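S.K.: Before we start, here is the structure in question, set down as structure tokens.
Bear in mind that the values in this text are calculations on the coordinates, not laboratory data. Keep in mind that what you see is a predicted model, and the values were worked out from it rather than measured. Every residue, glycine among them, receives a Cβ derived from its backbone with ideal geometry; neighbour counts consider all protein chains shown.
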Amino acid sequence: MNGNTETPENCVFCKIRRGEIPGEMLHSDDDCFVIRDINPASPTHLLIIPTRHFTYLSGLTDDILPVIGRMYMVAKQMAEREGVSESGYRLIVNQGEQSGQVVPHLHLHLIGGRQLGALG
Ligand code: AMP
Ligand code: ZN
């Protein structure tokens, strides 16, 4: 799981960020943006996506570390906006084939709004 698969030109999340395909853009800043998942697993299902296209955490370099911190800050703010901060929510990053990752652009799932089951 090294480097990137797919290019920013073909990537569905990069296309949404560029406005080439529709997406419900809930937040956008220099580091990351947030969309609502098109196939929600729970009443609240958001995707927090770094602006920079990379696929795996193995592609993480020191210069991106502040972006990762910012993604968690935005996740916290979005959970408050969605009203799931008190009830609880889950943050998930899928990495590679066995995790079920289908979009090869790193993203943080924010899932909440119902009682969630066990992991795995
Ligand atoms: P993952 O399995 O971690 O790669 O998750 C990818 C997520 O992206 C899935 O939950 C999909 O439902 C979601 N997704 C795929 N295409 C779109 C899209 N065009 N707009 C919003 N969410 C999408
Ligand atoms: Zn991308």
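S.K.: When you count, for each residue, the other Cβ atoms within 10 Å and take the mean per peptide, how do 82-92, 38-48 rank with the highest first?
M.R.: 38-48, 82-92
S.K.: Something else about it: With charges only on Cβ, +1 for K and R and -1 for D and E, what is the dipole size of the chain about its Cα centre, in debye, rounded to 20?
M.R.: With only Lys, Arg, Asp and Glu charged at Cβ, the dipole is about 260 debye.
S.K.: What list of ³J(HN,Hα) couplings, whole Hz, do you get for the range 74-86 from phi and the Karplus terms 6.51, -1.76, 1.60, once you set θ to phi - 60° and write x for glycine and proline?
M.R.: 5, 4, 4, 5, 5, 4, 5, 4, 7, x, 10, 4, 7
S.K.: Hey, if you put +1 on the Cβ of every Lys and Arg and -1 on every Asp and Glu Cβ in the chain, which of Met25, Gly117, Asn4 ends up farthest toward the positive end of that dipole?
M.R.: Positive-most Cα among the choices belongs to Gly117.
S.K.: Moving to a separate point now. Taking the alpha-carbon set of the range 49-120, what are its Rg and Dmax in Å?
M.R.: Calculated on Cα positions, Rg and Dmax stand at 13.3, 37 Å.
S.K.: Is the C-alpha gyration tensor of the range 79-120 telling us rounded, prolate or oblate? Criteria: a/c under 1.5 is rounded; beyond that, a/b larger than b/c is prolate, otherwise oblate. Walk me through the intermediate numbers first.
M.R.: Details: a/c = 3.88, a/b = 1.77, b/c = 2.19.
Here the range 79-120 falls in the oblate category.
S.K.: Order these peptides, 26-35, 111-120, by their mean beta-carbon neighbour count within 10 angstrom, highest first.
M.R.: Highest to lowest by the protection proxy: 26-35, 111-120.
S.K.: Give me the compactness ratio for the chain, meaning the Cα radius of gyration over 2.2 N^0.38 Å.
M.R.: Numbers: Rg = 13.9 Å, N = 120, 2.2 N^0.38 = 13.6 Å.
Cα Rg divided by the expected 2.2 N^0.38 Å: 1.02.
S.K.: Can you tell me the Rg and the Dmax, both Å, for the Cα atoms in the range 34-76?
M.R.: Gyration radius and largest Cα-Cα distance of the range 34-76: 11.9, 35 Å.
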